1. At pLDDT 90 or above and surrounded by fewer than 16 Cβ atoms within 10 Å (Cβ to Cβ): does that describe R702?
2. Being over 17 Å from V254 (Cβ atoms) and either open to solvent by less than 60 Å² (accessible area, probe 1.4 Å) or aliphatic (A, V, I, L, M) (or both) is the filter here; which residues of the range 197-209 pass it?
3. If a residue must be open to solvent by less than 10 Å² (accessible area, probe 1.4 Å) and at pLDDT 90 or above, how many such residues does the range 604-619 contain?
4. Taking the range 304-321 only, how many residues are modelled with pLDDT under 85 and acidic (D, E)?
5. Kindly indicate the residue of the range 838-889 that is small (G, A, S) and farther than 30 Å from G719 by Cβ and also most open to solvent (accessible area, probe 1.4 Å) among those meeting that condition.
Amino acid sequence: MKRLPVLAFLVWVCALFYVGIFLFVGGFLLVRLEVNRTSTCEDVLLPSSAGSGSDFCHAQPRFRRAVVLIIDALKADFARYDPSNLSPRPYENKLPVLDELVASRPAHGRLFTFQADPPTTTMQRIKGFTTGSLPTFIDVGNNFASSAILEDNLIHQLGQAGKRVVFMGDDTWENLFPKKFHRSLPFPSFNVKDLHTVDNGILQHIYPTMKGDDWDVLIAHFLGVDHCGHRYGPDHPAMADKLTQMNGVIRSVVEHLQNDTLLVVMGDHGMTDTGDHGGESPKETEAALFLYSPSPLFPAPETKADPTVVPQTDLVPTLALLLGVPIPYSSVGQVLLPLFPLPGQAEGQGGGPDRAEALWINVKQVNRFLETYSSMAKDIPPDRLSELQAAFARVSAAYLSALHQGEPASPELIRSMQAYLSSVRDTCRASWARFHPVKMAAGLVLLAGACLLCYVLSELSSAVLAEGGVLRAPLVVGLCVAGCVAVAQLSSQGYVDVHWCLAAAAASSEVLFLWRNCRRSNRSSSSSQKGRVAPPRLLSAALVVLLLRCASLLSDSYVIAEGRAVTFLLCSLGLYVPLRLNWDGLLLPPPAPDSQKPPGALPGLPAWVVRREGAALCLSLCVLVGSLYLSLAMHACREEQGGTCQPSPFLSPLARVQDSRLRNMHYLLSVAALAGWTHLLYRWLRHYGNLNSPGVAVVAARWLLPGAAVLTGLHWAVGSAPEDAFRGLAELIRLAQSALPRAACAVLGLGAALLWLDPLTVFLKHRAPAGPHRAASAPPPPPSYRASIGISPQAELHHLIPQLYQRIRRSLEDGPAEGGAGEDGRPAVEAYGLGTVYSAPLLLFAGLLGLGLLLLHPESMAPAFLLLLLEAAALLHIHAACSTLYSQQGDYSKAFSVPWAPVVLWSLAATQFFHATGHLPTFPSLQWGAAFVGFPDGHTGTLLPATLVTLNTFSAHILFAVACPLLLFWPLVCEVRWNRSGRSGGGEESEDVIMEMRLRENPQQFSSALLQLAVRYLLVSGAQVLASVCAAAVLRRHLMVWQVFAPKLMFEASGFVVGSVCLLLGVTLILRVDMAVSGWFKRLLPDTSR
């Protein structure tokens, strides 16, 4: 078998897809251009009627101090108080202090809805309400790898003004503003299961700090509410406890306030009904904002014209002017006017500008930023820029004219300045989705070329591998072209753009390979058909389903309902298979043998074989449909689906289930599914005799797999216990939450390592000849190890690969002299498990991997994994039955070629179980709890938690990709033995069932079939990535692009990368097994082995 060429081709094809994805994403998800300039006091000079400017920075500010309490995920609904609600939910009416302060002192405090800009993740929100700028989509990927903010921001301006900023809470601030605080007390923020560490740490320091005089601005970022939402959801008693605690914190802070101190209580974002956030639904973007001061804060009573919804960017200019510092340079926010006195009434308000002056400072700052940004970037349309410049000129002339005449600014002028600020923000929001069309087009072309190359390679895999050295020229040419491009860039630009170097290498190697194989195909067609693969029978239906799947990715409605759409396509294609077989007449018993047929004509299948395979096909279809139907109960709901979708109760961890009886039922169901997963794998391996080997791989199957399952069940039992159930055993439970999953992972890792070390599961047995004392009539004893498959003991010899046994008998010195068999007709040497020597290690590895991935999911997802196993088995048996039935028409089973239909079904199943395990192509649906399995105290870095979340998210892609080679082996595993007379059993003319050893007998066909299967799977998966790329490119100005199409592109591309790597892993394991089989034969048969 040509192992290295197969692996080299697959790595090269995957690299082509990676380059195309990298190039397109580089043009589609660009980060907004940051203006690294800083506002100064000179920028805030106020014109006066005397013509001299007043120094804003050295004037008395409205407030000398400020306390900013950030309650992470403080949703707007959490802050509202409804006295008529007599039966509040856990998150309702838990902050009565806000309503009391607003009702008793309306001039001192007011509650607003704080509107966040998506993405609603903590780091982006902190950037938004400290810089006043708008984030971009790509920033969401940096939420847990925060880097320092380089743009001008409120923290920097406060420091420049000499104000002492003290911070305590979420350590994200320390990463964003390194060495910017006068004093900081950061606490680790990533452990979403920890509800109290950060909050309790703040409470230990906040009151002593407020009593002291060593601070000017105090920022405290509480995380308990957010973590409670992630762990339990908002509708849980733990949320009521957390909000009640925050109510007490606010009340105590208010009691410690002085008259010159401003209190800001705010949430950075909201949360969904499941406690998640990150998207742009109203539940995620609507937070709470409460402003209060012991001195009068609002100069005028509240009117209907006053805003009730405040964009988060507006907090930056408002706080800057209230505290007497310049507005950050890149801010596009607008001052909150109700906080500022009317023109001419600022004398009695403790200093600071009035409304007109505040708006004028704000307008000048925004115009200054607009001019700088438009000179550096060209993404704002020129006509729109001209309109904004003309609007500023009109506003500036009107304001300076009123000031020169000594008149207060008119309401019309104030509205004009507000309109200008709103127009600039809207323009920036529309323009900061900057695209690079050339890179996007290049990436799209590369992806399309990679898909075409996969098709060509799948059709010509045998000829390509037979020729040898086909890949050398494309690789060399690609490297040379990339080097030339790099040299040209260095000489012309002075730097190397990696995007274009990779694009040049990928495109040149693609074109050269396709051109050479096109010439080879033309020569083959003109001379003979050798080296060309005939189109498979089910290509048309599979192609239609694949096209429908790709077309659905261009519709936001289908992407939103993707889980059910993919389930429908998978079920439809599965049901099409028996209909097509029946249409071709292959499900009916064949007619009686025709005596007029010439000798040597292909015999049809016996009637009993057709009936048996038809029954197996129908049973497999029932299992498939049943699994699909049951898996629909595991699906999650998107925010866009609203009330039409109810989230599955299986998605919540057992610790969230408050009903103890229901929790126990879910736990028992999960344990039963876990036991079913382990038992089915064990039973299959025992059925085919793969548990008799003395090798270390059997240790993994017999002991390590059940041991890991037991540890997983114990981990679930510990994790599902309520926090207050065993207070006396808290330390022991905490130790078990860390030790049990780590031990399970260690056991699974050891099993996988042993499997890779020695993947053979073959048992070689010698039989001593019968002694003279044995009675002639005594029946032969059964073998000590049997791999029963439902056939008679007399026929077992033929099941155990007789051709190999004949060679083994001839090669061993102690074999019988004649015939190589004992008196009972049995061979002297028997090898058990050799018929499934390739599939058994792969199936065992997938079982170990699946158990590890299940460990990263909520306990109640165990039934979904069992359904995944049943669905995969059903698809494999459907494919095997079709292979057997189609063998009546030709050489289908012996060519080892896997048709397109099973490959498309396999890929659709991966996508279907992505949804059936509770995942969605949205960032709020990420199951962050996977990062803390085995690490309840959190992590010191971000690589390990990111890896765990990735494994959790793409579990279905990983399992189906690793197990993809089973499509090649399963028809051989399920091979039916029959003879020309139509009877099962022995006979000289019987067809030997040698199962997977057929691949060993035909190494060239084995190599080409494995390569063909792998590239077909890559093509089906790559076509879906290409469709997502086309949707994002064509609909990049669509209303739902950042909510639906861009996240779908990211998840589809990431799933392809993870799946292709795991496909390489599965193929590599097969090559490792083949190497071990070759070594086994070489040791056993040194003279005759190849």
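The values are calculated or read from the model by the stated rules, or taken from the named source; none is laboratory data. These figures come from a predicted structure and were not determined experimentally. Cβ placement follows ideal geometry from the backbone for every residue including glycine, while neighbour counts extend to all protein chains displayed. Protein only, heavy atoms only, side chains kept; ligands, DNA and RNA dropped before computing areas. Shrake-Rupley method; radii C 1.70, N 1.55, O 1.52, S 1.80 Å.
1. It is true that R702 is at pLDDT 90 or above and surrounded by fewer than 16 Cβ atoms within 10 Å (Cβ to Cβ).
2. Answer for the range 197-209, where residues must be over 17 Å from V254 (Cβ atoms) and either open to solvent by less than 60 Å² (accessible area, probe 1.4 Å) or aliphatic (A, V, I, L, M) (or both): V198, D199, G201.
3. Matching residues across the range 604-619 total 1.
4. 0
5. Ranking the candidates gives S887 first.
Residue-by-condition table, conditions (1) free of Cβ contacts under 8 Å to residues at least 24 places away in the same chain; (2) farther than 28 Å from H857 by Cβ:
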residue	(1), (2)
W684	no, no
H687	no, yes
S693	no, yes
A701	no, no
G707	no, no
V710	yes, no
G713	no, no
G719	no, no
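Here's the yes/no breakdown for (1) closer than 18 Å to M123 by Cβ; (2) in contact (Cβ under 8 Å) with a residue 12 or more places away in the chain:
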| position | (1), (2) |
| --- | --- |
| P186 | yes, yes |
| D194 | no, yes |
| D199 | no, yes |
| P208 | no, no |
| I219 | yes, yes |
| G224 | no, yes |
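Yes/no matrix, rows are residues, columns are (1) at pLDDT below 90; (2) not in a helix (DSSP H, G or I):
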site	(1), (2)
L972	yes, no
G985	yes, yes
R1000	yes, no
R1016	no, no
A1046	yes, no
F1051	no, no
V1067	no, no
